[in-house]
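A short write-up of the structure that comes next.
Computed from the coordinates by the stated procedures, all read-outs in this text should not be read as laboratory data. Since the model is a prediction, treat every value here as computed from it, not as a measurement. Neighbour counts run over all protein chains shown; Cβ positions are idealised from the backbone, glycine included.
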C-alpha cells in the first residue's frame with residue numbers, strides 16, 4: 001500500500017515491512033507466437049525481491065544520502081517512495097508534496113519540446129497549467145537551455161536534460177525531494193547552481209533523499225546516510241560512519257573475489273600440468 005497525506009505529521013516518509021518484487025525473464029521473447037507458446041510451457045521468468053522486509057522512517061527536514069552497490073535496491077527504494085512502484089508487501093506513507101527526479105529528465109518524452117516537457121512534468125508532479133505558466137521563464141533561465149527550449153528533447157545533450165529536469169523538480173517547491181544520480185551529468189557550473197539551490201531547500205527545512213555513488217557529495221550535503229545491500233538497510237546513521245562501513249564491505253568483497261580468482265587459476269595450472 002502506498003499512501004500520501006497532506007496533513008502534518010512527525011515524519012516525511014515511513015515504510016513498514018516494505019517489499020518490491022520484480023520479474024526476471026529467463027529467456028527473451030521476441031514474437032507473439034513465442035509468448036503464446038510460453039503460456040502452455042510454463043513461466044519463462046522468475047520473481048526476485050528488490051526490497052523486502054524494509055522498515056524505515058525519514059523525519060521531516062532530514063537530508064538522507066543512500067549508498068550501496070549497483071543492484072542493491074537504491075533506485076527501487078526511491079520509486080517506492082514516489083509511488084511509481086506499488087509495494088508487493090508492506091506499506092509506504094508519505095506526508096507532503098513529493099518531487100522525484102530519477103536519472104536524466106525522468107518523466108520527460110523525447111518527442112516533445114523542452115517547453116512541452118515542462119508542462120508534462122509539472123502535471124505529473126501535481127501542478128496546474130496556470131500555476132506552471134508563472135514559473136516557465138524562471139525554470140528555463142535556471143536550466144540554461146536557451147533557444148533549445150523549443151526543440152525536441154532528443155536533440156538535448158545529457159547535461160541539458162539533467163539541468164532541465166532538476167530545474168522543474170526543484171522549482172515547484174516540494175516538501176520532499178528525491179534525487180537519483182542527478183549530478184552525474186552536467187558541467188561544474190550546473191553542479192554549483194544545483195548545490196546552491198539544494199542548500200536553500202535545507203534552510204527551509206525541506207526533506208531531501210539523494211542516491212549517489214559520490215561519497216564526498218553525500219558527506220557534504222547530508223546529515224544522515226543509509227547503506228542499502230540486497231534490498232535491506234545494512235547501516236543507518238551519521239554519513240561518515242555509514243560510508244566507512246560501506247567502503248569496508250566493498251573492500252572485503254574485492255579481496256574475496258580476488259582470492260577466489262587466484263584459487264581458480266591455481267587449480268587450472270595444477271590440472272593442466274603434465275603428470
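Between the stretch 188-250 and the stretch 46-84, the C-alpha centres lie 13 angstrom from each other. In plain terms, the C-alpha convex hull of the stretch 194-275 casts an average shadow of 7.7 nm² when viewed from every direction.
Note on 179, 120, 51, 132: ascending count of other Cβ atoms within 10 Å places them as 120, 132, 179, 51, the fewest first. The Cα atoms of the stretch 110-158 cover 27, 21, 16 Å along the three principal axes, with the biggest extent listed first.
Here 213, 245 are placed in order of increasing Cβ neighbour count within 10 Å, fewest first, which gives 213, 245. Counting neighbouring beta carbons within 10 Å and listing from fewest to most, the residues 137, 180, 236 come out as 137, 236, 180.
Based on the inverse mean of 1/r over its pairs of different Cα atoms, what is the Kirkwood hydrodynamic radius of the stretch 106-197, in Å? Present the calculation step by step, with values, prior to reporting the outcome.
Details: mean 1/r = 0.0762 Å⁻¹.
Averaging 1/r across every pair of different Cα atoms and inverting gives 13.1 Å.
If you take every DSSP beta bridge fully contained in the stretch 149-246, what fraction is antiparallel? Give it as a percent rounded to 5. Mind dumping the intermediate values first?
On the way: 5 of 10 bridges.
Percent antiparallel among DSSP bridges in the stretch 149-246 is about 50.
Structural descriptor for the stretch 76-228: relative contact order 26 percent, calculated from alpha carbon pairs under 8 angstrom and at least 6 residues apart.
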